[in-house]
1. Report yes if Glu128 is over 30 Å from Ala38 (Cα atoms), modelled with pLDDT of 70 or more, surrounded by 14 or more Cβ atoms within 10 Å (Cβ to Cβ) and not aromatic (Phe, Trp, Tyr), otherwise no.
2. Condition first: assigned to a loop (DSSP other than H, G, I, E, B) and either touching a Ser or Thr at 6+ places or on another chain (Cβ under 7 Å) or not assigned by TED's automatic domain parsing to the domain that holds Ala84 (or both). Now tell me which residues in region 24-53 satisfy that.
3. Taking region 1-23, which residues are assigned to a helix (DSSP H, G or I) and more than 22 Å from His102 (Cα to Cα)?
4. Would you point out the residue of region 1-21, among those that are under 24 Å from the mean Cα position of the chain (by Cα) and among the hydrophobic types (A, V, I, L, M, F, W, C), that is surrounded by the fewest Cβ atoms within 10 Å (Cβ to Cβ)?
5. Show the residue pairs that are 6+ apart or on different chains and have beta-carbon atoms under 7 Å apart, the first residue being within region 22-40 and within 14 Å of Val55 (Cα to Cα) and exposed (fewer than 14 other Cβ atoms within 10 Å of the Cβ), the second being at pLDDT below 95 and charged (D, E, K, R).
6. Can you pull out every residue in region 48-58 that is of a type outside the set (Ser, Thr, Tyr) and in contact (Cβ under 8 Å) with a residue 12 or more places away in the chain?
7. Tally up the residues in region 74-89 that are more than 12 Å from Pro21 (Cα to Cα) and not in a loop (DSSP other than H, G, I, E, B), please.
8. Among the residues of region 24-42 satisfying the criterion of being hydroxyl-bearing (Ser, Thr, Tyr) and farther than 23 Å from Gly99 by Cα, which is modelled with the lowest pLDDT?
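The values are calculated or read from the model by the stated rules, or taken from the named source; none is laboratory data. All values reported here derive from a predicted model rather than from experimental measurement. For neighbour counting, all protein chains shown are included, and Cβ atoms are generated from backbone atoms with ideal geometry for every residue, glycine included.
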Amino acid sequence: MKPRPPTMRIKKRYVLAAVVPNYPSIDSKALYLAIADAVTELYGDAGGAALHHAVVFSGNGYLIARCSRGTEHQLATALAGVTAVDGRRVALRTLATSGTIHALRGRMRQPTEQPEREDLEMDDVIYEVHARESQKVDLIEKGCNSQKLLFFVEQDLEER
C-alpha cells in the first residue's frame, strides 16, 4: 500500500508543557492516560477522538504532546486540567506550540550547573554574590539577617 501524499495527511501540531514538580520517574504512558482522562472529561469521547492526541516525549521536566492542527488550544486546556499522574500530584504548564518537534526541543531549558558563589569585599563588609539568569546580581551581606539596598553604576563595576 502506498503512503498518502502530504496533501492528504493529517496536519499535526506539537505542544510543549512543563511538568511541575519535576518527578524523574514519570512514565510517558501514565502521562498519556492522565491527559486522555482530562480530554475525555472536557470534550467527551467524540471530542477526544478528534484531537488525535499522543505523548511524543517526556523527561527532564518537560512533555511534548501531539495533536491534530486546529485543536492545540483544546489540548492546552486539557493539559491544564491534569492534576495527578500515576498517583502523584502534578501540574502541566503549557509553554509553546509548534509545527515541529525540533523547534520545541530548542525551547527547552537545559539544566545548568550552579556557579560557585563568590565573595565581594566592599567598605570592609563581605558580601555573597548571587548571579541571576536575568543578568541581575544580588549582594547579600554575610552574617547579617537584614537586607540593605545597594545601587551600582557602571563606574562602580569597572573599579572592582
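1. no
2. Those that are assigned to a loop (DSSP other than H, G, I, E, B) and either touching a Ser or Thr at 6+ places or on another chain (Cβ under 7 Å) or not assigned by TED's automatic domain parsing to the domain that holds Ala84 (or both): Ile26, His52.
3. Taking region 1-23 first, the residues assigned to a helix (DSSP H, G or I) are 6-8.
Matches in region 1-23: Met8 only.
4. Taking region 1-21 and keeping what is under 24 Å from the mean Cα position of the chain (by Cα), we get 12-21.
If we keep only those that are among the hydrophobic types (A, V, I, L, M, F, W, C) as well, we get 15-20.
Numbers: Val15: 25, Leu16: 22, Ala17: 26, Ala18: 17, Val19: 20, Val20: 12.
By that ranking, first place goes to Val20.
5. Asp27/Asp86
6. Applying the first criterion (of a type outside the set (Ser, Thr, Tyr)) to region 48-58 yields 48-57.
Those that are of a type outside the set (Ser, Thr, Tyr) and in contact (Cβ under 8 Å) with a residue 12 or more places away in the chain: Gly48, Ala50, Leu51, His52, His53, Ala54, Val55, Val56, Phe57.
7. Taking region 74-89 and keeping what is more than 12 Å from Pro21 (Cα to Cα), we get 74-82, 86-87.
Imposing the further condition that a residue be not in a loop (DSSP other than H, G, I, E, B) reduces the set to 74-80.
Residues in region 74-89 being more than 12 Å from Pro21 (Cα to Cα) and not in a loop (DSSP other than H, G, I, E, B): 7 in total.
8. Ser25
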